[in-house]
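Following: one structure in structure tokens, then a few remarks.
The values are calculated or read from the model by the stated rules, or taken from the named source; none is laboratory data. Small disclaimer: the values here were computed from a predicted structure and weren't measured. All Cβ positions, even for glycine, are placed from backbone atoms using ideal geometry, and neighbour counts span all protein chains on display. We work out accessible area using only protein heavy atoms, side chains counted, and drop any ligands, DNA or RNA first. Shrake-Rupley method; radii C 1.70, N 1.55, O 1.52, S 1.80 Å.
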Number of protein chains: 2
Amino acid sequence: MSPKITTELLKHLRQVMKNPRYVQEPVQAYIVPSGDAHQSEYIAPCDCRRAFISGFDGSAGTAIVTEQHAAMWTDGRYFLQAAHQMDSNWTLMKMGLKDTPTQEDWLVSVLPEGSKVGVDPFIIPADQWKRMSKVLRSAGHDLVPVKENLIDTIWTDCPQRPCKPLITLDLSYTGVSWRDKIVALRSKMAERKVMWFVVTALDEVAWLFNLRGSDVEYNPVFFAYAVIGMNTIRLFIDGDRMMDPAVREHLQLDSTLEPEFKIQVMPYGSILSELQAVGAGLSPKEKVWLSDKASYALTEAIPKAYRYLTPYTPICIAKAVKNAAETEGMRRAHIKDAVALCELFNWLEKEVPKGTVTEIAAADKAEEFRSQQKDFVELSFATISSTGPNGAIIHYKPVPETNRTLSVNEIYLLDSGAQYKDGTTDVTRTMHFGTPSAYEKECFTYVLKGHIAVSAAIFPNGTKGHLLDSFARSALWDCGLDYLHGTGHGVGSFLNVHEGPCGISYKTFADEPLEAGMIVSDEPGYYEDGSFGIRIENVVLVIPAETKYNFKNRGSLTFEPLTLVPIQTKMIDVNLLTEKERTWVNEYHQKCREVVGAELERQGRHEALRWLLRETEPLAPVQ
Amino acid sequence: MSPKITTELLKHLRQVMKNPRYVQEPVQAYIVPSGDAHQSEYIAPCDCRRAFISGFDGSAGTAIVTEQHAAMWTDGRYFLQAAHQMDSNWTLMKMGLKDTPTQEDWLVSVLPEGSKVGVDPFIIPADQWKRMSKVLRSAGHDLVPVKENLIDTIWTDCPQRPCKPLITLDLSYTGVSWRDKIVALRSKMAERKVMWFVVTALDEVAWLFNLRGSDVEYNPVFFAYAVIGMNTIRLFIDGDRMMDPAVREHLQLDSTLEPEFKIQVMPYGSILSELQAVGAGLSPKEKVWLSDKASYALTEAIPKAYRYLTPYTPICIAKAVKNAAETEGMRRAHIKDAVALCELFNWLEKEVPKGTVTEIAAADKAEEFRSQQKDFVELSFATISSTGPNGAIIHYKPVPETNRTLSVNEIYLLDSGAQYKDGTTDVTRTMHFGTPSAYEKECFTYVLKGHIAVSAAIFPNGTKGHLLDSFARSALWDCGLDYLHGTGHGVGSFLNVHEGPCGISYKTFADEPLEAGMIVSDEPGYYEDGSFGIRIENVVLVIPAETKYNFKNRGSLTFEPLTLVPIQTKMIDVNLLTEKERTWVNEYHQKCREVVGAELERQGRHEALRWLLRETEPLAPVQ
């Protein structure tokens, strides 16, 4: 992977930063955030502005370009990748390390007195605007909104914004109709005494209306906003997709409906002016509810006194707690996904020794097996298919320049998942197709101990996920090892593979307490730069636990793995496991056998079934 | 303990809330925070306004009185105590439980439209003012500063503000001179480009000048503020204590000094006007550094554009990392403290069966033994001497009305500590002088497992204490048990027994990363309401750890117990311990034997030594 040469691009950008055609006054710095106007993590090609200007295309990162400097902030998952993809015009700012300055502090340290810092107000979240603006102002600088996106002005071959057809989901998938979701939302609005709710996140629009799209790769969402009043519903969406009879039927656009359920369809681009009109027409005490991560532009459309901002919207919180239909769908999706992976690993085991399977070929094969499963829609993220040293690049994606061939001498890490109409999957397995070294087994076993510590943890109702993060690290820490990423993220139900408001991370973020029905990943890892990467990831469902004393009726929670794919026993040093951990592995494998075995049998996949049976043999007793 | 009858008091308060002599406009609610003008946790009698108005005298709590309601917010440590001490005029708001409203939300729910909410601007921290003010304003109410404290106007027999003599500490105790501390502080100020630093916390003033006082019980501090400029030092302090020749010598008040080390002594009450003068004289870019917890009154004295607010001051952070002189002092103090407790427990073992030892008598005896030790100054907090059901009141202090007699049938919990000139101690032991039940032993053993899990934890440099909190709970959680308080707090060096900026808590607060030299407590517990309380607390020092792989040179940390008092083996169900835990207990007891045994021998305390030897016998092997 050779870095993108950005010398000319940066020169152009620095020119437009001073060009009165685009900026009222010259800006001495320009911020290029990662997201789109919906603060999406995964974005459409037309929104990949930070990748365009820098070459670094990881999922998280913020670029800042000044007259003298170009700097990129990203987190531990991407240190190696960013360093590889960016040329020497760029300075990498490693977030999470002690000496790395924040973007604001760095700006203050490099800018000449009284500087203007520009940013696209549609791209920057309001909370981030507020924080940056405050620090900059207190140092004598100004954060200014630049209406025209400066990257777009220099991006001559910028792709079109996608506008793909929609999928309607019936009750058997969603469990709740969009009308009932609107009713529940309005009741939350009434509780907080707000009159309007602005839906800005794409997955929230999709969830609310029980619609899915494919405007963003891997995320079944579509570009839209919604504004919900106590008696009105406005959906801002472009293209002719509202002409689709199935969509019209689903949204009852042509039916005679009570006025409060009548959906007004408006152009996507009219959200700002419509919201400004709402803002202008508010009477005292009429509040408008927005996420504090909504864009600065939309937030500013509502006068400050009328804003009601929360870190998580009621849709985000409702969406996180899966109902019975969604949970059952997720179970089905994970069984199908396990079938595909049993096929894949069985195939790899035969093919790898021949020396003909590359990372890309393995990823393609995984997709092929998944696509054979019912209701498969697409992958849920770019497959991380990595062998040997590539495994240490935490969010690696194989490209022709980096594409290694799998061998019996290296560890292979596969982190992959799919979107099925009934659920979203995300699973990582780390395999060795030859004989792992003692050190590799040792590291793998510590990671496994951490995985089990979270998966088997019992905790009281109301516990926040970040309190469980250290359980995943304890075995690694004891030996002086660690990993620089969180342990888990929320997972959507045929929606984004990363979703809030819960997670398991050492980072102190405002996570909501875990409750039964929430679904998160459990994915500790260990990465040896230049050598190998290890990660063991299951998607797990929060379920009530049985305990001896039950927290005086406060109730207990634990996790149930939805992912049912064997964990390679060859990689386990059984003598490092406790008896309890050994039993966990054996019981997990027994469940894989029963549940996935039955499905393999049903699908007539006998060779993969034999592989499954062999891979789920009980572990030898601890010596 | 019968509740304080507050009907008349509340009537008076509600009258002055409308009296134009005290308030410009009537206030519909009045907030009575816990702290004093320095946001101290422990406060002088003249500052116990919340206890005066409500009867509830725990260390944490905020009262709010409206025309119709009187409500008290406190945390899990105090639910029982507050319920006992307050009459039915008061509603207890249990913080940390899911359905308890915040103070702001509650005010919004009960106040008539357009209300004024009053508070003493010297008592409320600026960050809290900001938060409350914002929520109230957005609901159409106003938070207003009421200059005269309304409680003081109705508190006819309010005690005088104390003004006791000072103690000077030489280098053998502090390791660093006050001049060098000023130099270090100014270098931190220069780094952040601030010209002034306002010291508002009492322990920070004491630490900075290497002085101690006794204005507040248990905390060796004195009422003072300081304002440090790049070339000036102003100390705001009352009384004739600056006439003390030892203090004058220590502060070099009569020496010819470089001007930048010349201390200007000013009256305590002149801080506001002096700070306003500083604020008025600032030129652009001259910032003033304050804690964001400094009072609203002092914060407002500096125009907003000139303020530099941080959650922790550089003094707070420097103070937390103990130097070699302080660490050695803490070790000595803990050995002396252990001697006193060996004497006490030996005495209790003989006396309890006679049925003549009350909780108060036991606390007095503990103080007597401590006071025999060299450099003893006072206790470091009110001794929690509690038996049977009183043990479940987490911050219980025995008073004549509640004073139970210790017996061979109940668990006894003693949480106590002292101030020695060389260090501060804080230790909890839970003992049974008869035969504990299987359930009591089971709970004790889970608490011990949690204590060991924290104490023996190994973690990478830069880890924040809150990430270790769940280690203390895991064994309890597995059985459906928990405790409603944090696991540990920072401990001062002959200073406050609770200090920032580090700690070990499930509460997400802005704790600073742990580093070698920091000192915290490790004190998980379990409380069975109406039956018993269990807590095992050591003060522990953060030290470098040896690990197999050492986090790629990032470095490892662990804890070393400074407290060396036997943990009652009679209470341990050895079969619930892992081999590693059993070894930990045995090695800990071996160290108690060696270190404290030698000191008992040196002091000729042979009976207590025999007790120690018996109590530190190795545990039987796990069956």
Worksheet, complete the sentence: Residue span A:Lys591 to A:Ser88: 0.36 nm per residue of separation minus Cα-Cα distance leaves a gain in nm of 176.0 nm
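Take every residue in peptide B:547-558, count the Cβ atoms of other chains within 10 Å of its Cβ, and give the average of those counts.
4
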Worksheet item: What size of dipole, in debye to the nearest 20, comes out for the stretch A:167-319 about its Cα centre when the only charges are +1 on Lys and Arg C-beta atoms and -1 on Asp and Glu C-beta atoms?
Response: 700
Worksheet item: Given the rule -39500 (n - 2.57) for each run of at least 4 DSSP H residues, summed and divided by the residues of chain A, what is its mean residue ellipticity at 222 nm, to the nearest 500 deg cm²/dmol?
Response: -9500 deg cm²/dmol
Worksheet item: Expressed as a rounded percentage, what relative contact order does the stretch B:167-319 have, with Cα pairs under 8 Å and six or more residues apart?
Response: 23
Practice prompt. Calculate, for A:Lys285 and B:Glu25, the FRET efficiency according to 1/(1 + (r/R0)^6) with r their C-beta to C-beta distance and R0 22 Å; round to the nearest 0.05.
Written response: 0.50
Worksheet item: Near the amide H of A:Leu562, under 5 Å away, which other amide H atoms are found, from residues 5 or more places off or on another chain, if H is placed in the peptide plane?
Response: A:Val539, A:Val540, A:Leu541
Worksheet item: Which residues does a label at B:Ala516 reach in the stretch B:541-564, if reach means a backbone N under 20 Å from a point 7 Å past the Cα toward the Cβ?
Response: B:541-563
Fill in: Label distances, nm, B:Leu619 versus same residue in remaining copies, Cβ-directed 7 Å point
2.3
Worksheet item: If you plug each phi of the stretch A:466-483 into the Karplus form 6.51 cos²θ - 1.76 cosθ + 1.60 with θ = phi - 60°, what whole-Hz ³J(HN,Hα) values come out, in order, with x for Gly and Pro?
Response: 5, 6, 9, 4, 5, 4, 6, 9, 3, 5, 5, 4, 4, 9, x, 10, 7, 9
Fill in: For residues of A:471-480, the mean tally of beta carbons on other chains within 10 Å
6
Item to complete: In whole Hz, with x marking every Gly and Pro, tabulate ³J(HN,Hα) for the stretch A:414-425 from phi via Karplus 6.51 cos²θ - 1.76 cosθ + 1.60, θ = phi - 60°.
Response: 10, 10, 8, x, 9, 9, 10, 4, 9, x, 10, 10
Fill in: the stretch A:6-154: relative contact order in percent, alpha carbon pairs under 8 Å with at least 6 residues between
26
Worksheet item: For the stretch B:167-319, what is the percent of antiparallel DSSP beta bridges, rounded to the nearest 5?
Response: 50
Fill in: Sequence-distant residues sharing a close amide H with B:Ile167 (under 5 Å, placed H)
B:Arg212, B:Gly213
Fill in: In range of the label at A:Met243: residues from the stretch A:153-197 whose backbone nitrogen is under 18 Å from the point 7 Å along Cα→Cβ
A:162-167
Discussion item. Take chain A, mark every one of the trypsin sites (Lys or Arg not before Pro) that falls in a DSSP loop and has at most 16 other Cβ within 10 Å, then report the longest stretch left between them, sites excluded.
Written reply: A:375-506
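Of the accessible area of the protein assembly as shown, with the probe set at 1.4 angstrom, what percent is carbon plus sulfur?
Reported share for carbon and sulfur atoms: 52 percent.
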Fill in: A versus B: buried accessible surface, summed, Å² (probe 1.4 Å, to nearest 100)
3300
Worksheet, complete the sentence: Label model pair A:Thr310, A:His606: point-to-point distance (7 angstrom along the Cα→beta-carbon line) in nm is 5.7
Worksheet entry | Positive-end residue, the protein assembly as shown charge dipole about Cα centroid, Cβ charges, pick of A:Ile317, A:Thr583, A:Pro20 | A:Pro20
Worksheet item: Label-to-label distances across copies for B:Arg554, with labels 7 Å out along Cα→Cβ, in nm, shortest first?
Response: 3.0
Worksheet item: How large is ³J(HN,Hα) for each residue in the stretch A:147-156, as worked out from phi by the Karplus curve 6.51 cos²θ - 1.76 cosθ + 1.60 (θ = phi - 60°), to whole Hz, x for Gly and Pro?
Response: 4, 7, 5, 5, 5, 4, 5, 9, 8, 5
Worksheet entry | Greater than 27 Å apart at Cα, pairs in A:Lys4/A:Lys94; A:Lys441/B:Lys507; B:Lys18/B:Lys287; A:Lys285/B:Lys94 | A:Lys441/B:Lys507; B:Lys18/B:Lys287; A:Lys285/B:Lys94
Fill in: Net lengthening on full extension, B:Asp170/B:Gln264 (0.36 nm per residue, minus Cα-Cα)
31.7 nm
Worksheet item: At A:Arg192 and B:Val321, where each label point lies 7 Å from the Cα along Cα→Cβ, what is the point-to-point distance in nanometres?
Response: 4.2
Response to the item:
Counting only protein heavy atoms and rolling a 1.4 Å probe, one gets per residue an accessible area for chain B in Å² of 38
Worksheet item: Taking amide H positions as placed 1.01 Å from N in the peptide plane, with prolines and chain starts having none, which residues 5 or more places from A:Leu379, or on another chain, fall under 5 Å of its amide H?
Response: A:Gln419
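Just need the relative contact order of chain B here, percent rounded to a whole number, with Cα pairs under 8 Å and 6+ apart.
The normalised contact order for chain B reaches 11 percent.
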Worksheet item: Residues of A:453-465, mean number of Cβ from any other protein chain within 10 Å of their own Cβ, rounded to a whole number?
Response: 3
Worksheet item: Relative to the other copies, what are the label-point distances for B:Pro165, with labels 7 Å from Cα along the C-beta vector, expressed in nm at one decimal and sorted shortest first?
Response: 9.3
Practice prompt. Only residues of the stretch B:339-354 count here: report those whose backbone N is under 17 Å from the spot 7 Å along Cα→Cβ of B:Ser407, or say none.
Written response: B:351-354
Worksheet entry | Shape category assigned to the stretch B:6-154 from the gyration tensor of Cα positions, a/c cut at 1.5 | rounded
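Per residue Cα convex hull volume for the stretch A:167-319, in cubic angstrom?
Dividing the Cα hull volume of the stretch A:167-319 by its residues yields 114 Å³.
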Practice prompt. Enumerate the aspartates and glutamates that B:Lys293 could reach by cross-link, defined here as Cα to Cα under 17 Å, with residues fewer than 8 away along the same chain left out.
Written response: B:Asp36, B:Glu41, B:Asp120, B:Asp127, B:Asp203, B:Glu204, B:Glu499, B:Asp511, B:Glu512
Worksheet item: Using a cut-off of 27 Å between alpha-carbon atoms, which lysines can reach A:Lys336, once sequence neighbours fewer than 8 places away in the same chain are excluded?
Response: A:Lys164, A:Lys319, A:Lys322, A:Lys350, A:Lys365, A:Lys374, A:Lys397, A:Lys421, A:Lys449, A:Lys570, A:Lys591
Worksheet item: Roughly speaking, what is the stretch gain from B:Leu619 to B:Gln252, that is 0.36 nm per residue apart minus the C-alpha to C-alpha distance, in nm to one decimal?
Response: 126.5 nm
